[in-house]
Amino acid sequence: MAKSEDALSAIAQRRTQSLTDIVRKELERMILNGELRAGERINEQTLATQLGVSRGPIREATRALERAGLVTSVVNHGSFVRAIEADEAAEIYDLRAVLFGFACSRLAAHMTAEQEAVLEDLLAQMDLAVKKNKASLYYQLNLRFHEQVMNFCGHRRLKETYESLLKEMHLVRQRSLMSAASMRESNAEHAALLAAMAAGDVARARQLGEAHAQGGKRRSFAAGA
């Protein structure tokens, strides 16, 4: 009987953990998409009702998001979507620039024709998004371009660290690519970067990768992020 009770307890715990993970992913999506805005208080009861769960999984998911740097808790006031101040945002951009430049240099050393074709296709899609002035679409394609560079560069720990920073950057970053001029400038940088990587120019790829990330910083701050 004791073993059966232990098994049932383990199953119940597993179900709770799975539900918490589902809730965490949904709350993370809401934060990164701006449905829950920086500085906004996380209302456990409202979210529980909205997602059809109890407050327990909401509370556990919120704690996980706090560890991920997307939520902050204030004693006696509750949990809030993290608001990143300008000086901290600048530091994150600077670190991201170093990581992205390194990834570009690694990819330049061994880029395949297939990898180049994937990035060329994304470049073309971003050009079309610019022409149609679809900032939201450009933003998503831009994320995919950077994601593929990180995938192709072949450095797991680098990718994990970069993705952790990227989640924090989502809290301040979307406004930086809203104007057509910003999108055109950004994609011109992509084109030059891809040319350097395809040519196997490791040093230039690293330089342009860092410069592109710093350009994102400049565009973000110019947009008031």
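The values are calculated or read from the model by the stated rules, or taken from the named source; none is laboratory data. Just so it is clear, the structure is predicted and the values come from calculations on it, not from any experiment. A quick note on method: Cβ atoms are made from the backbone with ideal geometry, for glycine too, and the neighbour counts reach across all protein chains shown.
Of the residues in region 119-138, none is outside the structural domain of LEU65 (by TED's automatic domain parsing), surrounded by 14 or more Cβ atoms within 10 Å (Cβ to Cβ), basic (Lys, Arg) and assigned to a helix (DSSP H, G or I). For the subset of region 100-136 comprising residues that are in contact with a Leu (Cβ under 7 Å, 6 or more places away or on another chain) and closer than 27 Å to LEU36 by Cβ, which member is modelled with the lowest pLDDT? Result: ALA135. Among the residues of region 76-99, are any within 30 Å of ARG206 (Cα to Cα), at pLDDT 95 or above and of a type in the set (Gly, Ala, Ser)? So far as region 76-99 goes, yes, one or more of its residues are within 30 Å of ARG206 (Cα to Cα), at pLDDT 95 or above and of a type in the set (Gly, Ala, Ser). Of all residues in region 59-89, those being out of contact with any Asp or Glu (no Cβ under 7 Å at 6 or more places or on another chain) and part of a helix (DSSP H, G or I) number 11. Out of ALA213, ALA181, ALA203, one residue alone is touching a Gly at 6+ places or on another chain (Cβ under 9 Å), part of a helix (DSSP H, G or I) and not β-branched (Val, Ile, Thr). It is ALA213.
Whenever a residue of region 194-206 is closer than 16 Å to ALA97 by Cα, it has no partner that is modelled with pLDDT under 95 lying with C-beta atoms less than 9 angstrom away and at least six residues away or across chains. Take LEU177 and decide whether it is of a type outside the set (Asp, Glu), surrounded by 18 or more Cβ atoms within 10 Å (Cβ to Cβ) and modelled with pLDDT under 95. It is true that LEU177 is of a type outside the set (Asp, Glu), surrounded by 18 or more Cβ atoms within 10 Å (Cβ to Cβ) and modelled with pLDDT under 95. Scanning region 69-128 for residues that are aromatic (Phe, Trp, Tyr) and within 16 Å of the chain's Cα centre (by Cα) returns TYR93, PHE100. When ILE92, ILE31 are screened for being in contact with a His (Cβ under 8 Å, 6 or more places away or on another chain), in contact (Cβ under 8 Å) with a residue 60 or more places away in the chain and assigned to a helix (DSSP H, G or I), only ILE31 passes. Within region 99-117, being in a helix (DSSP H, G or I) and either of a type in the set (Ser, Thr, Tyr) or surrounded by 16 or more Cβ atoms within 10 Å (Cβ to Cβ) (or both) holds for LEU99, PHE100, GLY101, PHE102, ALA103, CYS104, SER105, ARG106, LEU107, ALA108, GLN115, GLU116. Determine, yes or no, whether LEU143 is within 16 Å of the chain's Cα centre (by Cα) and either in a helix (DSSP H, G or I) or polar (S, T, N, Q) (or both). Yes; evaluated as a whole, the condition is true for this residue. Scanning region 44-60 for residues that are in contact (Cβ under 8 Å) with a residue 12 or more places away in the chain and of a type outside the set (A, V, I, L, M) turns up GLU44, GLY56, PRO57, ARG59, GLU60.
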